[in-house]
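Working notes, structure below.
The values are calculated or read from the model by the stated rules, or taken from the named source; none is laboratory data. None of the values given here were measured: they were computed from a predicted structure. Cβ atoms come from the backbone with ideal geometry, glycine included; neighbour counts cover every protein chain shown. To get the accessible areas, we keep the full protein, side chains included, count just its heavy atoms, and leave off ligands, DNA and RNA. Shrake-Rupley method; radii C 1.70, N 1.55, O 1.52, S 1.80 Å.
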Amino acid sequence: MRQDPLIPMLGEVTMIRTDTPDVKTFRVVGIDGKKPFEHIPGQCAMLSIPGVGEALFSITSSPTEPDYVDFSIKKCGCVTTWLHSMDVGQQVTIRGPYGNGFPVDTELAGKDLLFIAGGIGLAPLHSVINYCRHYRDRYGKIDIVYGSRSKDDLVDYPEIIDEWCKEDGINVHLTIDNPQEGWDGHVGFVPNFVKELAFDTSKTVLMCGPPIMIKFTLAGLQELGFDKSQVYTTFELKMKCALGKCGRCNIGDKYVCKDGPVFRLDEMDELPDEY
Amino acid sequence: MKKIARSELNALFAAIAEQKQLFIPADNTAGQAEFILWKDGVALTEKLNTTRSAKDLFFPQVENLVNFKVSDKKMEIIENRDPAAPFVVFGVRACDCRSFDILDSVFLSEPVDTFYKARRENGIIVTLGCTKPAETCFCGAFGIDAANPAGDVTCWLDGETLYWKSNTDKGKALTAALSVLTDCDENAVVAIQENTRKILEKLPLNNLDLSGFESDKLMELFNNPAWTELSESCLGCGTCTFVCPTCQCYDVQDFDNGREVRRFRCWDSCMYSDFTMMAHGTNRPTQKERFRQRFMHKLVYYPSNNNGVFGCVGCGRCLQKCPIHMNIVKVAKKLKEVAK
Ligand SMILES: Cc1cc2nc3c(=O)[nH]c(=O)nc-3n(C[C@H](O)[C@H](O)[C@H](O)COP(=O)(O)OP(=O)(O)OC[C@H]3O[C@@H](n4cnc5c(N)ncnc54)[C@H](O)[C@@H]3O)c2cc1C
Ligand code: SF4
Ligand code: SF4
Ligand code: FES
């Protein structure tokens, strides 16, 4: 009974995984047991608990997963705290998918890809990474730089170590902010790490993370010789309808929920600096 | 064209109300004009326009979206649309009528807002040509002719007679069912129109120059230093957005009555400090950014996406109602002055 885009459908949570002290991943299917909708990597969906509220989250699973959609959600307010407190079998409402997604089949096809993520920023990129792994021959080399406050805050750590790190043609570069017992990997902030790794400037960059990380990493990339037109990122703004109508996510003549959340950085130069 | 004697207006309203709900601009108990459900005794206001616009009837301040029944881990979605009854809104002014083009471009573009659409389909708009446009009117700056408004039906009223001309199929169907109307000649309204146009010509804001807001000037206008001074005294009360016929920002909220959860939508305002508040703060931290958003949207962002059509119809409500006497005309003039 979806007679309006604002009216959600019901879904059921079939799996909950604790990733970090404040991030859990939730698997959602329709109440018919099937995947609720098809999506493009980088798109989002609205989840809600009636009476608590509705909030927008990136779909972290790849579209190539036939049976479900996953969301990695950081606990930070009403809806997210409620989601973190629930058990498997809980019904939720879901509507989507929303947004433009990454141009995986056009501009990114055939390219060497450099993914740069900080903290929960891995969420939207996770979908793209697994999509590219599924269609491995459509893309060149893949580098993934991922950083978090500590080892415990790296989302999807087992999958990264057991799957991504073991695949040919994929290089994973992990970093944490401060030294920690049991960590023999890199220590330091993402922007510096990216500069140290001195990537080949022929790569196309997909970057998600806190605004401060984006800002400094972009500066580092530009120092290395990257152009803004090679860098894609996602915006996070307050959203309510996700339909381009409630007005909340309006920046310049764009609606981030509809025209984004994925933007190429050179396109952003034409937008007022309000993000 | 049809007509009816002014003294017979009550009979016309009764004939319409027999078929559909009828709303007319009338004075409420507080002495303000608003669109009121007509019943015998409700009289047309003498005021030029309603305090709040005709938008309310199509995009109400609060409306139900859906209900949910939540029990333990299960939930149920329950239809809870406000019933959509066919209605006629009489006495809509030319500016407010044009505002529906703007609201349509938002709500009827994909994905269509079916709540708004149902009301648009159910509603018949009967406009009324203006005979006494006010100093705060500047519909002319947007190419709107107050002497010849659009709508499903257009009416003109002078001391003796109401003239009635149907424009659309909906309007014609309504007209066909109103036997109280009698035929008359098209030229009957020429004198009324000429008189209106004469007044319009002399209005101070009628020829407001709105060049210089083209989309290639977006960044320049955004960075115009005048925003600081213009927004300085803005209280962030949101009055300008609530009375505006083209403002369409909304919020969605849940209300839990213990048995069911009612999800409703209500008007919101970009003038409010929490409009874009997020966990890591807001991207519009001071009233300057919020104030700029409202006027940039109407003067630059909306036109940039809509072939240069402005998101304002010159109704003058924000000129009349702002407690600090700030408004879109002052903003437009100041921006141009500083840009020079
Ligand atoms: C395009 C997009 C993709 C997103 N993807 C993810 C994701 O994959 N994983 C994830 O954990 N989160 C994601 N978010 C953020 C998520 O939407 C917010 O964390 C969530 O709305 C907070 O809801 P809440 O009810 O728990 O918080 P509330 O109780 O509503 O608020 C707690 C605090 O969070 C603020 N808040 C409300 N909405 C947002 C918002 N959109 N962004 C940030 N803060 C907000 C509130 O203003 C308040 O300060 C995404 C947001 C957007 C716009
Ligand atoms: S901005 Fe002011 S003058 Fe323009 S339509 Fe809105 S209320 Fe009327
Ligand atoms: S411009 Fe005037 S009416 Fe609008 S929010 Fe500011 S003080 Fe209120
Ligand atoms: S979230 Fe409503 S317009 Fe983008």
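Could you tell me which residue of the stretch B:261-297 is nearest to B:Ser231 (Cα to Cα), considering only residues that are charged (D, E, K, R) and more than 8 Å from chain A (Cβ to nearest Cβ)? Selected residue: B:Lys288. Return the residue satisfying two criteria in turn: it lies in the stretch B:303-316 and is crowded, with 18+ Cβ neighbours inside 10 Å and assigned to a loop (DSSP other than H, G, I, E, B), and of such residues it is nearest to ligand 1 (Cβ to nearest atom). Here the residue is B:Gly311. Among the residues here, B:Val300 qualifies as buried (at least 21 other Cβ atoms within 10 Å of the Cβ), among the β-branched types (Val, Ile, Thr) and either over 30 Å from B:Arg93 (Cα atoms) or within 11 Å of chain A (Cβ to nearest Cβ) (or both). Across the stretch B:129-145, the number of residues qualifying as crowded, with 20+ Cβ neighbours inside 10 Å and not in a loop (DSSP other than H, G, I, E, B) comes to 2.
Scoring B:Lys334 on the criteria (1) at negative phi; (2) within 16 Å of ligand 1 (Cβ to nearest atom) leaves a single failure, condition (2).
Per-residue answers, yes or no, for (1) at pLDDT below 95; (2) part of a loop (DSSP other than H, G, I, E, B); (3) crowded, with 19+ Cβ neighbours inside 10 Å:
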| position | (1), (2), (3) |
| --- | --- |
| A:Gln3 | yes, yes, no |
| A:Phe26 | no, no, yes |
| A:Val29 | no, no, no |
| A:Pro41 | no, yes, yes |
| A:Cys76 | yes, yes, no |
| A:Leu83 | no, no, yes |
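Conditions tested, residue by residue: (1) within 13 Å of ligand 3 (Cβ to nearest atom); (2) over 30 Å from B:Gln32 (Cα atoms); (3) aromatic (Phe, Trp, Tyr).
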residue	(1), (2), (3)
B:Pro285	no, yes, no
B:Phe295	yes, no, yes
B:Lys298	yes, no, no
B:Pro303	no, yes, no
B:Asn307	no, yes, no
B:Asn327	yes, no, no
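Considering the stretch A:3-31, and only residues there that are within 14 Å of chain B (Cβ to nearest Cβ) and without any contact (Cβ under 8 Å) to a residue 12 or more places away in the chain, the residue that is nearest to A:Leu243 (Cα to Cα) turns out to be A:Asp4.
If we scan the stretch B:261-283, do we find a residue that is in the same structural domain as B:Gly316 (by TED's automatic domain parsing), part of a helix (DSSP H, G or I), open to solvent by 70 Å² or more (accessible area, probe 1.4 Å) and more than 22 Å from B:Cys130 (Cβ to Cβ)? No: zero hits. You will find that of A:Ile129, A:Ile160, the residue that is open to solvent by less than 70 Å² (accessible area, probe 1.4 Å), under 21 Å from A:Asp22 (Cα atoms) and under 16 Å from the mean Cα position of the chain (by Cα) is A:Ile160 and no other. Counting only strands (runs of 3 or more DSSP E) that sit wholly inside the stretch A:162-275, those with at least 1 residues that are hydroxyl-bearing (Ser, Thr, Tyr) are A:170-176, A:204-208, A:231-234. A:Met268 fails exactly one of the following numbered conditions: (1) hydrophobic (A, V, I, L, M, F, W, C); (2) within 12 Å of ligand 1 (Cβ to nearest atom); (3) within 14 Å of chain B (Cβ to nearest Cβ). What is the number of that condition? All conditions are met except number (2).
Residue selection: A:Asp143 satisfies the criterion of being acidic (Asp, Glu), open to solvent by less than 20 Å² (accessible area, probe 1.4 Å) and more than 30 Å from A:Cys241 (Cα to Cα).
Taken together, the residues in the stretch B:146-189 that are open to solvent by 30 Å² or more (accessible area, probe 1.4 Å) and part of a helix (DSSP H, G or I) amount to 8. Can B:Leu319 be described as hydrophobic (A, V, I, L, M, F, W, C) and assigned to a helix (DSSP H, G or I)? Criteria met by B:Leu319. Taken over the stretch A:214-233, the residue count meeting the criterion of being within 14 Å of another protein chain (Cβ to nearest Cβ) and either modelled with pLDDT of 95 or more or crowded, with 22+ Cβ neighbours inside 10 Å (or both) is 1.
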